[in-house]
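Single-structure report; data block below.
The values are calculated or read from the model by the stated rules, or taken from the named source; none is laboratory data. Bear in mind that the values here come from a model prediction, so they are computed numbers and not experimental data. Methodologically, a virtual Cβ is constructed for each residue, glycine included, from the backbone with ideal geometry; neighbour enumeration extends over all protein chains shown. Keep in mind that these areas ignore ligands, DNA and RNA; they rest on the heavy atoms of the full protein, side chains included. Shrake-Rupley method; radii C 1.70, N 1.55, O 1.52, S 1.80 Å.
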Amino acid sequence: MGPEGPEDFEQLAIKRINEGNLKEGLKLMLRAAKGYEDRRQKADAARLYKYLGYVLLEKTKSVEKSKPSLLKSAYLYLDLIDEEVSRPEVDIDALDKYCFNVLEIFATLDDHKNLMKYAEEFAAIYEDLGNSYQDNADIEIAIRAYESAYRYYRLIENMEAYRRIAEMMITLYGQVAEERLEKGNVKDAAEAFYRLAYFILAIFGYDIHFIEMMDTAAKNFEKASKVAYSNGDLDGTTSYLVKAQYSYLMARNFNRAKLIGLNTARMLYQVITSYRSNREEDKAASKLVELSEALIGIGKINEAMDAYRSALESKSNLAFRIRVRLAVLKGHAASKGSEVIVNEIDTIEYYLNRKNLMKALELAEKSMRREELMETLKKIHAAEGVY
């Protein structure tokens, strides 16, 4: 039996490519992409045309040869965006993915004109969505939409719109934080104060306003850790303490951050031992990454890398790699009082929270390539087995 549908052609294409038969693999992949297109399965067609374009770019190093496939993908994603925003209920996750793919393709093609054009269009789409959700009192979803608008306005350097959205986000996050506190939901209030700090940074820079809000986030993360501890939840306790440690760091309260880091590291050793004795290796790995974060925050880089290496031996995932880099960047941003680095951290966390791990890792790696951080980056690479 030969292949019949695009799914069969796609599977066979991957098999041929993995076997090293690139030419036949790409022919089959193109056939699969056209098959999906004929069926009006645009998302699958767009995904395969993009894959084709990037494989051609990697193999030939020629943007021109990859251009037809990549443009085909971009325009299919633009169709999907039009369809998505026309729905009564917009799937923000799907919209995020489509918009990101379009901009990534134009950035790859070094097509600055279309990159700026579509970033501006997407910013307006997200702002309109945010306004609609806000009018319907869907504040949490409005925040998600506005946050994307904020990113795109920053990309095209429309500072007036960027600051306008930042001011709206300060109001909305302030409202959310107060509501959560009133309900006794300290951990979610802490997260809201933490996010609020970044939008304050956009208006005032790394000054007392940003520092005070980070300090407020830190105090609430500490309260959340005490609630978790009183409930016998050591896992939650340590997670909130690490968040408190880094919020205090960014608030430049270095003594408090160090004290919390030392205490949290001691607690984490106990938690990790407990998980390992119960053969819960995945949980132990996650806590080892947390331990490495706590140790980075108190300047114990070598011990942190031992914990990180140990985590990766049990379970390797992209989120771990991003978190370790973020820990280093936060400490460095705090020591310098650097608005530029905090903005980079904000963008990395945006992609991390939206589950776009490849983009988050790419940006984290790029941000780490500062002269002062290269030695630490080499240690991270060594822990990851990259020499």
Subtract the Cα-Cα distance of N136 and D38 from 0.36 nm times their separation in residues, and report this length gain in nm to one decimal.
31.5 nm
What is the P(r) of region 233-297, as percent of Cα-Cα pairs per 5 Å bin from 0?
4, 20, 31, 21, 12, 7, 3, 1
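How large is the dipole of region 1-108 about the Cα centre if only Lys and Arg carry +1 and Asp and Glu carry -1, each at its Cβ, rounded to the nearest 20 debye?
It comes to approximately 680 debye.
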Positive-pole candidate from V328, G232, N353, dipole of the chain, charges at beta carbon
V328
Residues in region 259-278 near a label at S314, defined as backbone nitrogen under 14 Å from the 7 Å Cα→Cβ point?
268-278
To the nearest 10 square angstrom, what accessible area does D233 show with a 1.4 Å probe?
60 Å²
Starting from the Cα of N231, step 7 Å along the direction of its Cβ; do the same at H209; then give the gap between the two resulting points in nm.
3.5 nm
Sticking with the crude label model, points 7 Å out along Cα→Cβ, report the distance from L30 to M159 in nm, one decimal please.
4.8 nm
Report the Cα centroid-to-centroid distance between region 84-139 and region 258-320 in angstrom, as an integer.
37 Å
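Taking R0 as 51 Å, what's the FRET efficiency between R266 and T171 from their Cβ-Cβ distance, rounded to 0.05?
Working: r = 40 Å, r/R0 = 0.79.
The formula returns an efficiency of 0.80 here.
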How many nm separate the modelled label positions at M358 and N114, each set 7 Å beyond the Cα in the direction of the Cβ?
1.8 nm
Log entry: pair-distance distribution for the chain, C-alpha pairs binned every 10 Å from zero, whole % per bin is 5, 19, 27, 25, 18, 6, 0
In whole Å, what are the extents of region 95-170 along the principal axes defined by its C-alpha atoms, from largest to smallest?
40, 24, 14
Magnitude of the charge dipole, the chain, Cβ model with Lys/Arg +1 and Asp/Glu -1, debye to 20
1400 debye
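Multiply the residue separation of E121 and E89 by 0.36 nm, subtract the distance between their alpha-carbon atoms, and state the gained length in nm to one decimal.
Working: separation 32, 0.36 × 32 = 11.52 nm, distance 1.96 nm.
Taking E121 through E89 to full extension adds about 9.6 nm, to one decimal.
Could you calculate the contour length gain from D82 to D8, that is, 0.36 nm times the residue separation minus the distance between their Cα atoms, to one decimal place in nm? Mind dumping the intermediate values first?
Working: separation 74, 0.36 × 74 = 26.64 nm, distance 2.90 nm.
So the extension gain works out to 23.7 nm.
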Under Stokes-Einstein, region 1-108 at 20 °C and 1.002 mPa s, with its Kirkwood radius over C-alpha pairs, diffuses with a coefficient in µm²/s of 149 µm²/s
Which one, V90, V63, G53, is farthest towards the positive end of the dipole of region 1-108 when Lys and Arg carry +1 and Asp and Glu -1 on their Cβ?
V63
So if R0 is 22 Å, what FRET efficiency would N18 and A382 give, r being the distance between their Cβ atoms, rounded to the nearest 0.05?
0.15
Helix 281-297: inclination vs the chain longest Cα principal axis, degrees, rounded to 10, gives 60 degrees
By accessible area of protein heavy atoms, probe 1.4 Å, what ranking do E191, E147 get, highest first?
E191, E147
Cβ-derived FRET efficiency at R0 30 Å, R370 paired with S62, nearest 0.05:
0.40
If only Cα atoms are counted, what is the Rg of region 186-330, and what is its Dmax, in Å?
15.1, 49
How much solvent-accessible surface does E89 expose, in Å² to the nearest 10, with a 1.4 Å probe and all protein chains in place?
150 Å²
